[in-house]
1. Just to confirm a number: summing +1 for Lys and Arg and -1 for Asp and Glu over residues other than Gln208 whose beta-carbon lies under 12 angstrom from that of Gln208, what do you get?
2. Once the whole set of protein chains is in place, how much accessible area is left on Ile108, using a 1.4 Å probe, in Å² to the nearest 10?
3. Would you report the distance distribution of C-alpha pairs in the range 104-209 as whole percents per 5 angstrom bin, up to the bin with the largest distance?
4. Keeping the other protein chains in place, figure out the carbon and sulfur percent of the accessible area of the range 1-156, with a 1.4 Å probe.
5. In nm, to one decimal, how far is the Gln260 label point from the Glu64 one, both placed 7 Å along Cα→Cβ?
6. Antiparallel versus total DSSP beta bridges in the chain: what percent is that, nearest 5?
7. Got a sec? Charge dipole of the range 6-159, +1 on Cβ for Lys and Arg, -1 for Asp and Glu; which of Phe54, Thr97, Val37 is way out at the positive end?
8. Using Cα atoms only, what is the angle between the long axis of helix 258-269 and the major principal axis of the chain, expressed in degrees (0 to 90) to the nearest 10?
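The values are calculated or read from the model by the stated rules, or taken from the named source; none is laboratory data. Small disclaimer: the values here were computed from a predicted structure and weren't measured. Counting neighbours? That spans all protein chains shown, and the Cβs are built from the backbone with ideal geometry, glycine included. These accessible areas exclude ligands, DNA and RNA; they are computed on the full protein's heavy atoms, side chains included. Shrake-Rupley method; radii C 1.70, N 1.55, O 1.52, S 1.80 Å.
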Amino acid sequence: MKKEFAKLEGATILVTGGAGFVGSNLIKQLLDCGARVICFDNFSTGKKENITEFFSDSNFILIEGDANKKEELFQAFKDSTVDYVFHYAATVGVVRTIEQPLAVLHDIQGIQTILEFSRQRGVKKVMFASSSEVYGEPLELPEKEDGRLNAELPYATVKLIGEHYLKAYYTTFGLKTCSLRFFNVYGPKQDSSSYGFVAGVFLRQALQGNNLTVFGKGNQTRDFVYVDDNIEASLLALVSDSTNGKVMNIGVGKPTTILQLAQAVQHLCHNPKVAINFLPLRKGGEIIHRCPDINKMKEYINFVPQYSLEAGLQKTFEWYKNNLERLSL
Ligand code: UDP
């Protein structure tokens, strides 16, 4: 454990969306740091299988509820002093957020309630999972936190509202907050279904001996961040006062084309039958380029990601291979 994380030992930390991909990986790290973790999730997209490994840990508490319903979220605050909050519950996935724009809008209620309960109860810091979607199709590359935004999707709009509210609560009430703009996170436990995310989707397809479905020519770019790097950056941002009231990109800063990703997965699976199928681009919400400027991450928390794409994909591939029953269509 990093010495910076010593202050998390014995702290009570609420993770909303704790049964999701990033949330459940985060909880593992928090428990390893000796924190007491309240996992709050309504299992709409989060999965029980993601958290069953924690059930035997006396520092793990599960509360089932909807973060957008005030009375339900109150259950997470009523019995204990919550020291820190990670508000990760949200409607996620490009396809789902376009299919359910109103569900996305409800997420504003959750953000509002988290901030208000945190302020009233003296929470020490609130972390918010924002997204690189706020840049939309970028007006400038690399994408800078204080640069120009081009948010268009309902999902991106709600994330921006969240960021602004967090900042407002810091400047107005002194509640410490930080919004993290996640670039494309991948790793064990990621949803590999057709509602899922491209690295998980390709790995599932490869392990099932199917062709990889590349949309368009595959020359769209993304910045792939292995989940352990995302979490280390998030924890450093939690414990560092330099991020208070700030927005910070969490990325690698190295764009990868989707075709390169598909080829890397082909290389990993060693199955000559796994070819690449080029399909039409998704309709609506398709971003062509994405690449973060990571100078703020270096400046605020002195962090650069440790995993190369090959190393992170290898670990993810091994995990899926050992958990084939978790592959979902
Ligand atoms: N993609 C693809 N094939 C798939 C799923 C996704 O080529 O089966 C592409 C998609 O068109 C996009 C990129 O992979 O350019 C990342 O998609 P994802 O939904 O994982 O995340 P996004 O960054 O778009 O939110």
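1. Details: positive: Arg204, Lys273, Lys321; negative: none.
Value of the local net charge: +3.
2. About 40 Å², rounded to the nearest 10.
3. Histogramming the range 104-209 at 5 Å steps yields 2, 11, 17, 18, 16, 15, 11, 6, 2, 1, 0 percent.
4. Details: 3290 of 6760 Å².
Of all accessible area on the range 1-156, carbon and sulfur atoms account for 49 percent.
5. 4.4
6. Numbers: 2 of 39 bridges.
Roughly 5 percent of the beta bridges in the chain run antiparallel, per DSSP.
7. Sorting the options by dipole projection puts first Val37.
8. Between the helix axis and the principal axis of the chain, the angle is about 80 degrees.
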